[in-house]
1. Can you find a residue that is open to solvent by 20 Å² or more (accessible area, probe 1.4 Å), β-branched (Val, Ile, Thr) and either touching a helix residue (DSSP H, G or I) at 6+ places or on another chain (Cβ under 8 Å) or modelled with pLDDT under 95 (or both) anywhere in the range 245-255?
2. Check the range 68-76 and report whether any residue there is at pLDDT 90 or above and either open to solvent by less than 30 Å² (accessible area, probe 1.4 Å) or in contact with a Gly (Cβ under 7 Å, 6 or more places away or on another chain) (or both).
3. Can you tell me how many residues within the range 330-348 are under 20 Å from the mean Cα position of the chain (by Cα) and among the aromatic types (Phe, Trp, Tyr)?
4. I'm checking my understanding of the structure. Among residues of the range 99-117 that are surrounded by fewer than 15 Cβ atoms within 10 Å (Cβ to Cβ) and outside any loop (DSSP other than H, G, I, E, B), which one is farthest from the chain's Cα centre (by Cα)?
5. Is it the case, given these coordinates, that SER260 is modelled with pLDDT under 95 and open to solvent by less than 70 Å² (accessible area, probe 1.4 Å)?
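The values are calculated or read from the model by the stated rules, or taken from the named source; none is laboratory data. What you see is a predicted model; the values in this text were computed from it and never measured. Heads up, the Cβs are rebuilt from the backbone with ideal geometry, glycines too, and the neighbour counts pull from every protein chain shown. SASA here: full protein model, heavy atoms, side chains in, ligands and nucleic acids out. Shrake-Rupley method; radii C 1.70, N 1.55, O 1.52, S 1.80 Å.
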Amino acid sequence: MRQSPIPKSCVVPTMPYRAIRYGAVALLAVALVGCASKTRAPVEDRTALPATVAPPGVTPVPQPAAVAEPEIRAATYTVKRGDTLYQIALDHGLDYKDLAAWNNLENPNKILIGQVLRVAAPGEAPALASGVTTAPLKVGPAVSEARPGTAPAAGAAPVAASGPRNADNYKSSPKAFKEPYSEQALRDVARAPQAPPETVAMAAPSSAAKAAPPPKAPAAAAPDIDDDEKIDWVWPAKGKVVVGFSETANLKGIDIAGASGEPVIASASGKVVYVGNGLRGYGKLVIVKHNKTWLSAYAHNREILVKEGQQVTKGQKIAEMGNTDADTVKLHFEIRRLGKPVDPARYLPAG
């Protein structure tokens with residue numbers, strides 16, 4: 001049986017598969033372009049400002065740096081295990097004989113652990129190891145400067161005057177309040193007590209004082225310069241510096257290499273306060289005290305040519321280079337200020 005043909009009006013036209021695929025791709029591309037063209041919302045950073053950043057409109061005021069307190073030398077010293085009177089004297093820049101006399105020690109070689117020794121002359125104030133006395137700064141509260149018309153930030157100090165103290169617009173007194181004119185305000189002003197003038201007037205001078213010329217201001221006193229600081233040092237020996245000064249490595253002086261018997265000279269004039277080998281690690285040692293501030297030490301000598309109490313001059317031969325209590329021939333040289341070792345290279349002439 002033959003089927004009747006389907007009317008053309010009922011036939012749905014079909015699209016090729018390739019056309020459908022291309023159409024889908026095109027729609028997807030249009031969608032992506034639309035998404036990309038949208039403008040992103042602005043992002044606002046609402047995190048709090050760091051503590052070190054000043055708020056807008058406020059000028060931070062730099063704080064003055066702290067001033068180190070001067071180091072004060074103690075007037076006494078407690079003997080520890082292994083101490084000798086000679087080492088204690090060297091570490092405090094003293095003559096061991098003075099140290100023994102101040103502490104009534106008949107035998108300088110006999111001191112006891114825990115014994116308290118006076119390391120300053122009786123009645124003498126302790127010296128400053130730094131050599132300079134400075135008073136600490138008094139730091140006041142921080143002051144911020146805000147823009148006109150804006151309230152200060154929370155916790156900020158009162159706003160300081162923007163102009164210098166000698167400016168015409170600077171006012172040191174509180175700001176006055178202006179009230180509108182009225183009879184009551186006039187009566188209040190009349191009854192208010194009058195404030196005394198800001199400046200205190202001096203007593204009126206007599207006629208004789210008026211005729212006399214004004215007294216001259218006293219001349220400024222010349223600064224008190226410590227002559228103990230003025231020392232012209234010279235090299236104590238000829239040779240190469242093989243070991244330098246170092247506080248971190250506990251190297252208290254410099255080592256100068258040389259040959260046995262070469263001359264060792266006084267680096268500056270002074271008095272010989274020690275001769276001997278009583279300090280461990282120094283060998284045959286000479287100590288010269290130049291004044292109340294400075295002394296110098298010369299160690300590992302082969303021969304010593306001076307005696308305790310002898311006055312020596314700068315450049316005078318005081319010993320011969322050797323290797324006592326050392327592995328090689330050398331001169332160990334120290335400069336001490338108030339007993340504290342300092343770098344000799346800072347004081348010896350260059351070259």
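1. yes
2. For the range 68-76, residues at pLDDT 90 or above and either open to solvent by less than 30 Å² (accessible area, probe 1.4 Å) or in contact with a Gly (Cβ under 7 Å, 6 or more places away or on another chain) (or both): absent.
3. Just the residues of the range 330-348 that are under 20 Å from the mean Cα position of the chain (by Cα), to begin with: 337, 340-343, 346.
So of that shortlist, the ones also among the aromatic types (Phe, Trp, Tyr) come out as none.
Residues meeting the conditions: 0.
4. ALA101
5. no
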